[in-house]
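Presented below is the structure to which this report refers.
The values are calculated or read from the model by the stated rules, or taken from the named source; none is laboratory data. Computed from a predicted structure; not experimentally measured. Cβ: placed from backbone, ideal geometry, glycine included. Neighbour counts: every protein chain shown.
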Amino acid sequence: MSLKTRERIRVTGERIVKIASSFAYVGADTPVHAILAELREPYRDPVAVVDPSERVLGIIVPKDLMEMLGKPFGRDLLQRQSAADVMRPVTRFRYDEYIQTARERVGTEIEDDPERHYALVDQDGRFQGHVSAQDILTHAMDDYRRELSLATAIQNRLVPPYAAERNGRVSITCSSVMAQGVGGDYYFTREYGPGQWFFCLCDISGKGISASVITAVISGFMYNAGFASPLEDTVARLNRIVIDTFCLEKYLTGFFAKFDERTGELEYCDMGHSWFYAVEGKTIQQVAAEADNVPVGLVHEPDIVPRTLRIAPGTVLALLSDGLIEQENRDGAPFPIGELGSIIGDAVGAGDDLVRAKVRVLERFFSFKGDVPQHDDISLLLFHFKAD
């Protein structure tokens with residue numbers, strides 16, 4: 001037999017030989033007609049051309065053979081040629097090179113030519129297998145899916161699809177639905193002292209895994225934050241962390257608030273978010289059309305302006321992310337935020353928990369958008385200061 005097959009060498013770790021898809025090779029003086037007699041049609045896999053010491057000299061690509069056979073008298077021409085006559089130059093990788101390193105070396109050429117092939121060699125240049133651009137792309141996609149699955153699992157623990165906090169006077173219900181499995185919406189609630197609450201809803205610039213990294217940073221900050229200090233100091237510390245970590249490449253809008261049950265005072269810092277609403281009866285009204293402050297992570301030393309409201313028992317507040325505000329249906333109409341007033345108002349008026357209101361809001365949202373893709377992450381935080 002002129003055509004030989006190399007046995008896959010065993011390695012540990014993410015080495016490139018693990019994704020090798022073919023192992024055929026021939027000597028340089030092998031007649032092409034002998035190679036054709038042993039190859040199976042259709043010709044798909046490359047064949048390495050080696051010297052007597054099995055060091056790689058070049059590669060025979062199947063489409064080259066097909067082009068030659070398609071020419072007039074092509075088969076007669078190939079009858080008089082050897083493997084060395086029809087081989088082409090080939091890029092070599094060490095068989096034990098890390099897949100990621102090889103992927104970075106080839107750059108975009110694997111996307112430009114998915115049928116490109118590479119030869120794998122040992123430390124002496126002896127043939128150990130072939131890997132194609134398609135092999136590398138397939139591994140990259142599988143790797144991305146694994147990373148995305150892990151990132152989704154982590155983010156669902158940091159920002160679960162649903163969470164609720166409540167005591168005798170305050171009920172807070174939160175929900176988040178990411179557009180890409182992972183994303184940039186974040187919420188947090190905590191009763192840091194008896195009758196003293198902190199809560200926030202943030203929308204990070206961008207989507208996907210890069211935005212989820214900021215989510216993890218914010219979550220770590222919130223876990224260790226001391227909310228008894230002035231609210232603007234808490235936000236300023238978060239701003240420094242985002243600036244130092246992401247160097248103005250990422251930022252977030254957010255609504256940060258503290259509430260005291262004894263006084264009914266709600267202190268808040270609106271950091272470029274502004275999707276803050278109050279529900280009165282069955283009407284929902286935006287509290288302020290514009291934010292007072294710049295987003296977190298855009299300015300090194302922002303002059304943060306807090307606001308204070310005194311709210312009456314029975315008040316319901318809603319914080320929304322712009323994924324809800326900006327979603328359109330198949331007719332290009334925006335999501336009707338005004339309907340949330342009746343949805344939330346009916347639930348509260350019937351004595352239902354805010355969890356039911358949250359479910360009905362999401363049902364209305366997905367019914368509205370129908371088969372139109374979800375444009376952005378959607379999140380909401382519903383706050384209810386219950387009557388005595």
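List of remarks:
- Members of region 169-186 found to be over 12 Å from the mean Cα position of the chain (by Cα) and not small (Gly, Ala, Ser), listed by number: ARG169, VAL170, ILE172, THR173, CYS174, VAL177, ASP185, TYR186
- Within region 1-26, if we keep just the residues that are farther than 30 Å from THR101 by Cα and surrounded by 14 or more Cβ atoms within 10 Å (Cβ to Cβ), the residue that is modelled with the lowest pLDDT turns out to be SER2.
- Evaluation of LEU362 against (1) over 17 Å from THR283 (Cβ atoms); (2) at pLDDT below 90; (3) among the aliphatic types (A, V, I, L, M) (one fails), failing number: (2)
- Some residue of region 183-191 being more than 30 Å from VAL47 (Cα to Cα), out of contact with any His (no Cβ under 6 Å at 6 or more places or on another chain) and modelled with pLDDT under 85: yes
- Number of positions in region 163-183 that are under 28 Å from THR315 (Cα atoms) and either of a type in the set (S, T, N, Q) or not assigned by TED's automatic domain parsing to the domain that holds VAL213 (or both): 5
Per-residue answers, yes or no, for (1) within 21 Å of the chain's Cα centre (by Cα); (2) assigned to a loop (DSSP other than H, G, I, E, B):
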site	(1), (2)
PHE93	no, no
GLN100	yes, no
GLU104	yes, no
ASP124	no, yes
GLN134	no, no
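- Boolean, THR215 is among the β-branched types (Val, Ile, Thr), surrounded by fewer than 21 Cβ atoms within 10 Å (Cβ to Cβ) and at negative phi: no
- Note on region 322-349: residues that are outside any helix (DSSP H, G or I) and either touching a Phe, Trp or Tyr at 6+ places or on another chain (Cβ under 9 Å) or within 21 Å of THR189 (Cβ to Cβ) (or both) total 7.
- LEU381 passes every criterion in (1) touching a Leu at 6+ places or on another chain (Cβ under 6 Å); (2) at pLDDT below 90 apart from (2).
- Matching option when the condition is assigned by TED's automatic domain parsing to the domain that holds LEU317, over 23 Å from the mean Cα position of the chain (by Cα) and surrounded by 24 or more Cβ atoms within 10 Å (Cβ to Cβ), among PHE256, PHE276: PHE256
- Considering region 287-321, the residues that are surrounded by fewer than 19 Cβ atoms within 10 Å (Cβ to Cβ), part of a loop (DSSP other than H, G, I, E, B) and in contact with a Ser or Thr (Cβ under 8 Å, 6 or more places away or on another chain) include one that is modelled with the lowest pLDDT, namely ALA289.
- Pairs where the first residue, in region 84-112, is under 26 Å from ILE9 (Cα atoms) and the second is of a type in the set (Phe, Trp, Tyr) and part of a strand (DSSP E or B), C-beta under 6 Å, 6+ apart: THR91/TYR118; PHE93/TYR118; ALA102/PHE93
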